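Have a look at the structure below, then the notes.
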Amino acid sequence: VAFQKGATPETVVVDEETNFGVWGGKEYIPKNYDGKFRGPVTLREALAQSLNIPSVKVLLEFAGIPDSIAFAEMLGITTLKDPSSYGPALVLGGGEVRLLDMTSSYGVFATEGKKALPVSILRVADTKGNVLQENQNTPIRVISPALAKQITSILSDNSARTPVFGPNSPLLIPNYSVAVKTGTTQEYKDAWTIGYTKDIAVGVWAGNNDGTPAIRDAAVMLAAPIWSQFMRQVLPTIR
């Protein structure tokens, strides 16, 4: 949404301790995962490195909460209903979402801006191979190819994420250009890794089914290895 409103991957924000005011009855002063601050960073660096403070600044100063929720709904997120119920923590996982919705939404970037509703049955055929019913889910364009390509360029930029994740993290799939993002919610209840190529979008959630916190580790250590192993197996089979 920020890019739609004129920001670019080269736009600079400052990663520093910031008090974003009172939300939910208390002051909101988020931290980065590693507790460090990096000063001025571009939006490319901030997104690729999953920096929390710049993400909140982009939400509040560039994109706006209502417009961001509307954009998420357009992509396929079905659980964020009332914009007034959310504050700046929305951009750091402060709104519950479904794995299928998230993966389908990333699929919009994979198809350079076209949305296709998720389906579980592609076709039904009889024993002779005659097709009795076939999915007619025609993708529709919801964002511009240029916007989708901007996101893909950032999320596939291994050099940009290296300062936080290292050069050989599970997010790097050798011989393939793969866009990918991790996310870890507060108190380590949810670990996410979602990524895509032009042919496939794959999402992994790791956590406890009863909502209790998982082991205190980031998604790159919990969900990313599962995602990476799957991608390394499936990508060579796609023609």
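For the stretch 9-44, give me each residue that is of a type in the set (S, T, N, Q) and not in a loop (DSSP other than H, G, I, E, B). Before you say what the answer is, go through the steps one by one.
Restricting attention to the stretch 9-44, the residues satisfying the condition of being of a type in the set (S, T, N, Q) are 11, 18-19, 32, 42.
The one that is of a type in the set (S, T, N, Q) and not in a loop (DSSP other than H, G, I, E, B): 42.
Going by the structure shown, is residue 153 surrounded by fewer than 19 Cβ atoms within 10 Å (Cβ to Cβ), among the small types (Gly, Ala, Ser), farther than 24 Å from residue 3 by Cβ and in contact (Cβ under 8 Å) with a residue 12 or more places away in the chain? Show your work before the answer.
Numbers: surrounded by fewer than 19 Cβ atoms within 10 Å (Cβ to Cβ): yes; among the small types (Gly, Ala, Ser): yes; farther than 24 Å from residue 3 by Cβ: no; in contact (Cβ under 8 Å) with a residue 12 or more places away in the chain: yes.
Here the answer is no, as residue 153 does not meet what is asked.
Between a residue in the stretch 10-24 that is free of Cβ contacts under 8 Å to residues at least 12 places away in the same chain and any residue that is open to solvent by less than 90 Å² (accessible area, probe 1.4 Å) and part of a loop (DSSP other than H, G, I, E, B), which pairs come within a Cβ distance under 7 Å, given they are 6 or more apart or on different chains?
Short answer, once both residue conditions are applied: 19/29; 21/28.
Can you find, within the stretch 156-168, the residue that is nearest to residue 221 (Cα to Cα) among those that are without any contact (Cβ under 8 Å) to a residue 12 or more places away in the chain and open to solvent by 70 Å² or more (accessible area, probe 1.4 Å)?
For the stretch 156-168, the residue satisfying everything is 168.
Among the residues of the stretch 173-212, which ones are touching a Ser or Thr at 6+ places or on another chain (Cβ under 8 Å), without any contact (Cβ under 8 Å) to a residue 40 or more places away in the chain and over 26 Å from residue 96 (Cβ atoms)?
Matches in the stretch 173-212: 177 only.
Here are some residues: 125, 146, 110. Which one is open to solvent by 50 Å² or more (accessible area, probe 1.4 Å) and touching a strand residue (DSSP E or B) at 6+ places or on another chain (Cβ under 6 Å)? Let's see the steps before the verdict.
Numbers: 146 fails: touching a strand residue (DSSP E or B) at 6+ places or on another chain (Cβ under 6 Å); 110 fails: open to solvent by 50 Å² or more (accessible area, probe 1.4 Å).
Selected residue: 125, the only one of 125, 146, 110 that is open to solvent by 50 Å² or more (accessible area, probe 1.4 Å) and touching a strand residue (DSSP E or B) at 6+ places or on another chain (Cβ under 6 Å).
Any residue at all in the stretch 35-50 that is in contact with a Pro (Cβ under 7 Å, 6 or more places away or on another chain), farther than 21 Å from residue 155 by Cβ and surrounded by fewer than 17 Cβ atoms within 10 Å (Cβ to Cβ)?
Of the stretch 35-50, the ones in contact with a Pro (Cβ under 7 Å, 6 or more places away or on another chain) are 41-44, 46, 49.
Then keep just the ones that are farther than 21 Å from residue 155 by Cβ; that gives none.
No, because not a single residue in the stretch 35-50 is in contact with a Pro (Cβ under 7 Å, 6 or more places away or on another chain), farther than 21 Å from residue 155 by Cβ and surrounded by fewer than 17 Cβ atoms within 10 Å (Cβ to Cβ).
The values are calculated or read from the model by the stated rules, or taken from the named source; none is laboratory data. Bear in mind that the values here come from a model prediction, so they are computed numbers and not experimental data. A quick note on method: Cβ atoms are made from the backbone with ideal geometry, for glycine too, and the neighbour counts reach across all protein chains shown. Please note that ligands, DNA and RNA were not included when accessible areas were found on the heavy atoms of the full protein model with its side chains. Shrake-Rupley method; radii C 1.70, N 1.55, O 1.52, S 1.80 Å.
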